[in-house]
1. Name the residues in region 64-74 that are touching a helix residue (DSSP H, G or I) at 6+ places or on another chain (Cβ under 9 Å) and touching a residue at least 40 places away in the same chain (Cβ under 8 Å), would you?
2. Quick check: is even one residue across region 189-210 more than 25 Å from T613 (Cβ to Cβ), in the same structural domain as E587 (by TED's automatic domain parsing) and of a type in the set (K, R)?
3. How many residues does region 714-740 hold that are farther than 30 Å from R647 by Cα and either in contact with a strand residue (DSSP E or B) (Cβ under 9 Å, 6 or more places away or on another chain) or in a strand (DSSP E or B) (or both)?
4. In this structure, does S470 turn out to be touching a Ser or Thr at 6+ places or on another chain (Cβ under 7 Å) and modelled with pLDDT under 95?
5. Exactly one of these conditions fails for A363: (1) surrounded by 16 or more Cβ atoms within 10 Å (Cβ to Cβ); (2) modelled with pLDDT under 85; (3) of a type in the set (G, A, S). Give me its number.
6. Quick check on region 23-52: of everything there that is surrounded by 16 or more Cβ atoms within 10 Å (Cβ to Cβ) and within 15 Å of R355 (Cα to Cα), which residue is modelled with the lowest pLDDT?
7. Among the residues of region 276-287, count how many are under 25 Å from L251 (Cα atoms) and surrounded by 12 or more Cβ atoms within 10 Å (Cβ to Cβ).
8. So, in region 695-712, how many residues would count as being more than 18 Å from G143 (Cβ to Cβ) and among the charged types (D, E, K, R)?
Amino acid sequence: MPAYAFRLIILLFIVSSTSFAQGFRVSGFVRSATDNQPLIGATVAVRELGTGTTTDARGFYSLNLPPGTHQLQATYIGFQPLTQTIQVNGSAQTINIGLQPLDNQLQEVVVEANSLQQKLTDNRMSVEQLTTREAKLLPALFGEVDLIKTLQLKPGVQSGGEGSSGLYVRGGGPDQNLVLLDDAVIYNPSHLFGFFSVFNPDAVRSVELYKGGFPAQFGGRLSSVLEVQQNEGNNEKIGVNGGIGLISSRLTIDGPIVKDKATFLVSGRRTYVDTFTRLINKLNEGKKDYNPIPDYYFYDFNARVNYKLSAKDELTLSGYYGRDFFTFNDAGFSFSFDWGNTMGALNWRHSFNTRLFVNTTLAATGYEYKINNKIDVFSFNLRSAVQDFTLKTDFEWLAHDKHTIQFGASGIKHNFTVGRLNFDSDDDRQNFSAGNDYTANEFGAYISDDYSLTTQLAVNYGLRLSGFNSDGKTYAALEPRVATRYTITPNTTVKASYAGMMQYIHLLANSGASLPTDIWFPSTTRVRPQRSQQVAAGVSHLFGNGKYLITNEVYYKWMHRQIDFRDGANLFVNDSLENEFLFGKGESYGNEIYLEKIKGRTTGWLGYTLSWTYRQFDEINDGRRFPTRYDRRHDLSLVVLHKVNERLHLTGAFVYGTGNAFSLPVARFAFQDVEGKEPGFVPIYTDRNSFRLDASHRLGLGVVWKLKPKRGEADLTFSAYNAYNRRNPYFVYFEQVKDEAEEETIGFRAKQVSLFPVIPSVTYNFKF
């Protein structure tokens, strides 16, 4: 497949080198007139010519128009359309557009930022988009709005388990997602052991998830790309918004530093459950048999500064800092565990002219966890970390309306600290340390072309060269990408894509869930990079006078050099960690159906995924393939948003999923170790992951009531998570069944653990 795809890409580059039709470039930015935020996916068109385009992640658009007088129209859902007469007179022009929000702010509540027509004609496929406006309406656990949990309601995207904010995309693991915040990598995008994500919705402007058909500028992961962009500061005035909920509060302040030149945004969020647990512990201090409650909280901080150096140059400095803290102290024993991400990025955008742009980013990112444990005079400390320094440059050349060519390069220096252990005693008689440090260098270069061959046929094709050096070993690979769109009728399109991907760093997890203690590890002489190939095809149809869009996509993904571990593998404090690895292959395939509606008083979507995900290792399961833990045959989600009147909105979200696959012992072998003592029991297993948890399903309900404050906006959001109190399975364990008379074990009983009953919540949101 890669050889054929490579030849096809070369052929397309040759074909696309034909001469371009004459015309003059009209380009600029579309932004909100009130807060200067870029409007992503806004439509800019000249209707009489039958030509138009949509804005990119910067709010930028570009059209090639013939000389003459034209009516340029800009539209965006939730904003007043704008029509402007322009004169094209033989030279390139820059026309920036500011759209006014509709008088009724509730109109901004939509299911998607883009119109269905735009999604139908988009050359990309397997892409999910959302804004914080829709996420804030949906019922949420403890009232905490979570962008990643909203993405889990889309087809092809699964959670790792009940309440988890992990992403399992089209059969891939949590380490196979490239998560970018303002073009910088975030390694562990979750708080509270995976129950909440690190993305504060007040600080986020847009979210895009690529499940397949990956553009050539992205690399380093196999399964998905999650691209998150932070808000820019208000260019007109100081603004304040935030919310007060059951377990956390958040506050965001933004505004101009120098009007029309520089803006800022700062945003913070913190949980305060620890305030109550500390009070309870203090009230019960000194009581006999009282067990103190562990201390837990998390916080995060976002910041961004935009500075326009000139009409052609803009600098952006953005950052993120987040930490989780878990501590427990009792007589003679103390335990603390903290983990989190740090990110800083400096971005320079330059326009050479109306056709050629460059975007350069210098970023430093890091993730680490630390465990400190002290028992009497003995101390135990464990630490693991990964740190990156990245430099990347991306060029965009608007060669013609039919061609948008992108090319660029990137370099990353990785530093890994793997299981750094220190053990000592207060008198220094006991002292021990272990662990490994690794450094690695990763590079990439790419070129791609978004080429409209005809009004019906468009193709995006590209080639990425990637490489990695570590432990004296260098790997390199070509990663071809092709995606095409053909318009059968004005309301029906078909799309297809192929993508080859390489992954050079690996997440080592000793459980089925993604935990903060999982370790990132580089490719080395003995650990080769992972590789995947994915093909996808789909058809989309717009009906009901443009109110409904239905999409059906099928995909097949091959995964090579997948990593698992030997039975009993030790991932902590192991200087020979590579000896624990096993290497195999995987495959995932399925069908995703998606129906959405964004017009009218009632909006929402229905998504259904039928899928299979397997792994195969020579040393596991006697070489037979087995389903992964997150193999989920059926996955269904239904989201409904209903506008009752100008102040009242009702929301609901129902999800259903086949239970996770897992292993259970089918029998136990009893052995007598010491005569007179109760015998021991050794579990006996059959095929790996041959059992299933019960299916999970739940209903979330929400009510948004718009208040009428004297200044600004405010609302009360009421929600009920798991409204009908379904006890969904989290995991299963066995307890011993004893004979009451003889006090001997006579059997074992499986017990199911469930996490969340019905959880009501209320959140007060404000903006002024």
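1. Step one: of region 64-74, the residues touching a helix residue (DSSP H, G or I) at 6+ places or on another chain (Cβ under 9 Å) are 65-66, 70-71, 73.
L65, P66 - these are the residues of region 64-74 that are touching a helix residue (DSSP H, G or I) at 6+ places or on another chain (Cβ under 9 Å) and touching a residue at least 40 places away in the same chain (Cβ under 8 Å).
2. Initial filter on region 189-210 (more than 25 Å from T613 (Cβ to Cβ)): 191-192, 196, 198-206.
Pick out the ones that are also in the same structural domain as E587 (by TED's automatic domain parsing) and you get 191-192, 196, 198-206.
Next, only the ones that are of a type in the set (K, R) stay: 205.
Yes, because at least one residue in region 189-210 is more than 25 Å from T613 (Cβ to Cβ), in the same structural domain as E587 (by TED's automatic domain parsing) and of a type in the set (K, R).
3. Narrowing region 714-740 to residues farther than 30 Å from R647 by Cα: 726-740.
So of that shortlist, the ones also either in contact with a strand residue (DSSP E or B) (Cβ under 9 Å, 6 or more places away or on another chain) or in a strand (DSSP E or B) (or both) come out as 726-739.
Residues in region 714-740 being farther than 30 Å from R647 by Cα and either in contact with a strand residue (DSSP E or B) (Cβ under 9 Å, 6 or more places away or on another chain) or in a strand (DSSP E or B) (or both): 14 in total.
4. Working: touching a Ser or Thr at 6+ places or on another chain (Cβ under 7 Å): yes; modelled with pLDDT under 95: yes.
Yes: the conditions hold for S470.
5. Against the list (1) surrounded by 16 or more Cβ atoms within 10 Å (Cβ to Cβ); (2) modelled with pLDDT under 85; (3) of a type in the set (G, A, S), A363 comes up short only on (2).
6. Per the stated criteria, the residue is F24.
7. Counting residues in region 276-287 that are under 25 Å from L251 (Cα atoms) and surrounded by 12 or more Cβ atoms within 10 Å (Cβ to Cβ) gives 2.
8. Initially, region 695-712 is screened for residues more than 18 Å from G143 (Cβ to Cβ), giving 695-697, 708-712.
Then drop every residue that is not among the charged types (D, E, K, R), which leaves 708, 710-711.
Of the residues in region 695-712, 3 are more than 18 Å from G143 (Cβ to Cβ) and among the charged types (D, E, K, R).
The values are calculated or read from the model by the stated rules, or taken from the named source; none is laboratory data. All values reported here derive from a predicted model rather than from experimental measurement. Glycine gets a Cβ as well: all are built from the backbone with ideal geometry, and neighbour counts include every protein chain shown.
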